[in-house]
Amino acid sequence: MPHALTELRLAEVTRPAAEGAHEIRADVCVVGAGIAGLSAALESARLGRDVVLVDSLPLIGGQMVHSLIGLFCGVFGNAPAYRQLTHGIFDDIFRDLGPSGDLHFQRGHTTTVFYNEVALGRWLEQAVRSLGVRTILGTVLQEAELEDHRIRQIELASRYGNVAVRARGFVDASGDAALTWQAGLPCRVPERPIYSSQQVIVEHVDENHKPDPSEIDALLAARGEEHGLLRRGGLAFFFPGRGTAVLNVTHIDAPLDPVEASRAQFDGRDQADKVIALLKAEFPKAFGEARVRAYGYPGRRQTRWIKGRHQLTTDEIRQGTRFEDAVARTAWPIELHDRSDGYVWEMFGPDHVHYVPLRAMTPPGADNLVAAGRCVDGDAAALSSVRVMGPCAAMGAAAAHALDLAGDGSVHDVDLGRLRERLAANLAETS
């Protein structure tokens, strides 16, 4: 006799001829679920706003989690004080993931923080859900409706159907300024490529015999061309006690063309494999048994960014210009990867801090749009020093507060005194 539970009936369906988009309304729509977008979404939710977070990946975390970057940069100032310059989301991450051993604080010229990307990814999912942030993942941004200097609606495509999101305010944390671009607002691109990186996690490494960073640099500089490598140097980040290392040893193209972007991903993995083979041969005690545990998504540094009301300049970075509308800060070096055989690495002194102004995050053609993260406005070298995770998180929080203060008005006219009060933890001289 057939069991009743196996008698599952089927219905025949076809796609309706005029299937409309699923419509969603929110106070704030954040495009991009990396560190900047997550910071913006969580901060907006804490302000009591109804938040929708969208991303092209089927998971949140962006490059922070899925490119296997492996460490937080730019959160702390330089030695010897090592001041924490960005708070907010990082305070919560440090509080919750530190005791479980999923973070490792390493001090050098500054403090960088290694993290377990799996634990971090789950923490982010739980944080988003606990604050009621709605997510729409695995979507492609198709259109942005700009009318009377306000973005009214964006349209997304997904495998489950199209989605239209209407919101009072929008945050472009897409990395490639996708929302600003689709809205028809001016953007900037570099005149020559700024290279991405293919990060790799290798396991079964022996950290007791790890080479010095200078030894890896010297090896790749001497033999990189022979092995067909674009980058002639690199870094290995060993997470203590776990027998793993994150390798940042490649330069790959970062095209905005869809076909070329797919090719670049394969090229990046080929480059990483060549480096691993070289490390295994030259440092057998450390890497002899190493094997790839995971390849990250291509880590894109600087591709396309907004044209804001102010372009942050290299001189302003070097001088540590404190703007009236400063909303984020860091002491991270200028780190420009625009040469295939190396990169610019310009460090700053012990007390140095430089700032990001709100004007670099706001396109003049839109009153309810704020960019955050690596797509804010700066010249190429200036942007290279503020696109790391510390200031990106601070920019996300600032975007949330700027939109909240603007309400139905313009982000260009927010009360800067009130904004500074809200962002005091990320701007105070003593923090």
Normalise the Cα radius of gyration of region 9-70 by 2.2 N^0.38 Å (N = residues in it) and let me know the number.
1.58
Only loop residues by DSSP count here, and only those with at most 10 other Cβ atoms within 10 Å; note down the chymotrypsin sites (Phe, Trp or Tyr not before Pro) in region 147-216 that meet that.
160
Calculated FRET efficiency, residue 150 and residue 22, Cβ-Cβ r, R0 25 Å, to nearest 0.05?
0.70
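Taking 0.36 nm per residue of separation and subtracting the Cα-Cα distance, what length does fully extending residue 428 through residue 162 add? If you can, show how the numbers build up before the last one.
Details: separation 266, 0.36 × 266 = 95.76 nm, distance 4.40 nm.
Additional length available on full extension: 91.4 nm.
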Mind checking which of 255, 16, 193 has the largest fluctuation in a GNM of the chain, springs on alpha carbons under 10 Å?
16
The Kirkwood hydrodynamic radius of region 220-275, taken as the inverse of the mean 1/r over all distinct Cα pairs, in Å, comes to 12.5 Å
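How much of the accessible area of the chain, probe 1.4 Å, is carbon plus sulfur, in whole percent? Numbers along the way, then the final one.
Working: 9390 of 19020 Å².
In the chain, the share of accessible area belonging to carbon and sulfur is 49 percent.
Please report the net charge: other residues with Cβ closer than 13 Å to the Cβ of residue 176, K and R +1, D and E -1. Show your work: numbers first, answer last.
On the way: positive: 188, 300, 301, 304, 374, 387; negative: 55, 172, 257.
Local charge sum for residue 176: +3.
I'd like the GluC sites (Glu not before Pro) in region 132-227 restricted to DSSP loop residues with at most 12 other Cβ atoms within 10 Å, sorted by number. It would help to have the intermediate numbers written out before the result.
Values: sites: 143, 145, 147, 155, 191, 203, 207, 215, 225, 226; in loops: 191, 225, 226.
Hits after loop and neighbour filter: 191, 225, 226.
Taking every pair of alpha-carbon atoms in region 86-190, give the share separated by more than 23 Å as a whole percent. Before the final figure, lay out each step's value.
Details: 2719 of 5460 pairs.
That tail contains 50 percent of the Cα-Cα pairs.
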Using a 7 Å offset from the Cα along the Cα-to-Cβ direction at both residue 281 and residue 340, what is the distance between the two label points in nm, to one decimal?
2.1 nm
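Helix hunt in the chain: which complete DSSP H runs extend at least 20 Å axially by C-alpha with mean Kyte-Doolittle at least 0.0?
Helix filter hits for the chain: 389-406.
Inverting the mean 1/r over all pairs of different Cα atoms, compute the Kirkwood radius of the chain and quote it in Å. Before the final figure, lay out each step's value.
On the way: mean 1/r = 0.0446 Å⁻¹.
The Cα-based Kirkwood calculation yields 22.4 Å.
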Taking region 138-242 and dividing mean pair separation by its residue count, relative contact order in percent (alpha carbons under 8 Å, at least six apart)
15 percent
What is the distance in Å between the Cα centroid of region 49-79 and that of region 262-306?
20 Å
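Take the chain, mark every one of the trypsin sites (Lys or Arg not before Pro) that falls in a DSSP loop and has at most 12 other Cβ within 10 Å, then report the longest stretch left between them, sites excluded.
With a cap of 12 other Cβ atoms within 10 Å, the longest stretch comes to 160-431.
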Estimated distance in nm for a label pair at residue 291 and residue 416, the labels positioned 7 Å out from Cα along Cα-to-Cβ:
5.8 nm
For the chain, give me the percentage of DSSP beta bridges that are antiparallel, rounded to the nearest 5 percent.
70 percent
Could you tell me which chymotrypsin sites (Phe, Trp or Tyr not before Pro) in region 239-309 are loop residues by DSSP with no more than 14 other beta carbons within 10 angstrom of their beta carbon?
none
Let a ≥ b ≥ c be the square roots of the eigenvalues of the Cα gyration tensor of region 144-188; is it rounded (a/c under 1.5), or, if not, prolate (a/b larger than b/c) or oblate?
oblate
For the pair residue 125/residue 15, report the inter-label distance in nm, with labels modelled 7 Å from Cα in the Cβ direction.
2.9 nm
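The values are calculated or read from the model by the stated rules, or taken from the named source; none is laboratory data. Bear in mind that the values here come from a model prediction, so they are computed numbers and not experimental data. No Cβ is skipped: glycine too gets one built from the backbone with ideal geometry, and neighbour counts run over all protein chains shown. When the accessible area is computed, the model is the full protein with side chains, heavy atoms only, and any ligands, DNA or RNA have been set aside. Shrake-Rupley method; radii C 1.70, N 1.55, O 1.52, S 1.80 Å.
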